[in-house]
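Where a number appears in this text, it was derived from the coordinates with a stated rule and is not lab data. Values in this document were obtained by computation on a predicted structure and should not be read as measured data. Cβ sites come from the backbone with ideal geometry, for glycine too, and all protein chains shown count toward neighbours.
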């Protein structure tokens, strides 16, 4: 498969390494220094694009690819309001789009565990739920897209929480503590705490490899498909 990597930074380089190890060819690498190379002509021989850039660039990058008929997987966070536009573009152009706030196989299993635990804890009103996420100092969005996904899953099941916030500690608010520390790929912890005990689940990434592998698996999954997909589809955990 011929892959375009849009966002050739630290993550992009790990994606390249894993994709090549899995027998794919990287035919286009886009960074801030060669943005003009992302064009319809250079996308002609691309089977799938993996987009990992910045929130202010994601929509334009993705629409350019989708309008050229190239399926796209995107892991850029912080542009959630525009995702439906990309999903519609995939349908309009008879190609495929897959967005994930986190491509790690482990994190996506963690998402499922989080949903189950939230349902179990809904009627346990003695327990307050909170979240802590830690990422490297270069991460610009706060809280992380993964934390927002986890928070929204909790809000869907835990009736006593109506919103999430980094600032608000009201009883009906799910409080998220977002920390930035040098060299941390990503840690997410959810704690249900009562006067009697605590129940806590945590996912800790050791490096970027899990995210990169998941992105390549997603590209492999969608390159010959049409429509809008998720990592649940890729992992068969719908």
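Between helix 83-92 and the chain, what is the angle of the helix's C-alpha long axis to the longest principal axis, kept within 0 to 90° and rounded to the nearest 10?
The angle comes out at about 40 degrees.
How far is helix 145-157 tilted, in degrees, relative to the longest principal axis of the Cα atoms in the chain, given as a value from 0 to 90 rounded to the nearest 10?
Result, in degrees: 50.
What number, in nm² with one decimal, is the all-direction average of the projected area of the convex hull of the alpha-carbon atoms of the range 105-204? Kindly include the intermediate steps, with their values, before the conclusion.
Values: hull surface 24.7 nm².
Reported value for the Cα convex hull: 6.2 nm².
In Å and on Cα atoms, what radius of gyration and Dmax does the range 2-57 show?
Rg then Dmax for the range 2-57, in Å: 10.7, 32.
Among 7-14, 29-36, how do they line up by average Cβ neighbours within 10 Å per residue, starting with the highest?
Working: 7-14: 18.5, 29-36: 13.1.
Ranked from most to least packed, the peptides come out as 7-14, 29-36.
Note down the relative contact order for the chain as a percent, whole number, built from C-alpha pairs under 8 angstrom at least six residues apart. Show your work: numbers first, answer last.
On the way: 461 pairs, mean separation 52.2, N = 238.
Relative contact order of the chain: 22 percent.
Just the Kirkwood number for the chain, please: inverse of mean 1/r across all distinct Cα pairs, in Å, one decimal.
Numbers: mean 1/r = 0.0538 Å⁻¹.
Computed over Cα pairs of the chain, the Kirkwood hydrodynamic radius comes out at 18.6 Å.
Between the range 14-41 and the range 205-236, what's the alpha-carbon centroid distance in Å?
The range 14-41 and the range 205-236 have Cα centres separated by 16 Å.
If you line up the long axis of helix 10-21 against the longest principal axis of the chain, both from Cα atoms, how many degrees apart are they, to the nearest 10?
Computed tilt is about 60 degrees.
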